[in-house]
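**Student:** Once you've had a glance at the structure underneath, I'll fire off some questions.
Nothing in this text is a laboratory measurement; each read-out follows from the coordinates by a stated rule. Values in this document were obtained by computation on a predicted structure and should not be read as measured data.
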Amino acid sequence: MDKSRYRRSPSKGHSLSTAPVFAIIDDDEALRQALAELLEVSGYDCRTFADADGFLSAYAPGRFICLVTDLNLPGKSGLVLQQHMRCMDPGLPVIIISANPDALTRSRCLASGAVAYLIKPIRDQVLLRHLAAALGRC
């Protein structure tokens, strides 16, 4: 489901500008939708994807401001995707979410460039704090 929208730019009258778009990748549709709703009610635009390949087919440089991805995805894992994005778009903040609390896995993800590794269930305020920090990096 395409969740991206356009907002009017208050400083430019009637012209449309693209708001920053967050990408959410998770194969669990209910979680994907819950995260999308959280972002939307918090004033963020997002697009959701069920897998890494779907995201990569929609990816274009500068299109997304941050990537939130599950670690365990069908096909490419979130870690493989994060490593791939580090080469393609090194400035794109990546937040990895997982049900796996393993410290070694967390360390590998952070060492590979993820800005955060969040354990499911994710607390809304924790995720929103990391998203705000990602916006501050741009």
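**Student:** Using alpha-carbon pairs under 8 Å, 6+ residues apart, how would you state the relative contact order of the chain in percent?
**Tutor:** Relative contact order comes out at 19 percent.
**Student:** Still on this structure, I have one more. Hey, what's the per residue convex hull volume over the C-alpha atoms of segment 7-137, in cubic angstrom?
**Tutor:** Normalising the Cα hull of segment 7-137 by residue number yields 110 Å³.
**Student:** Hey, in the GNM for the chain with a 10 angstrom Cα cutoff, which one of 101, 93, 20 fluctuates hardest?
**Tutor:** Result: 101 has the largest fluctuation of those listed.
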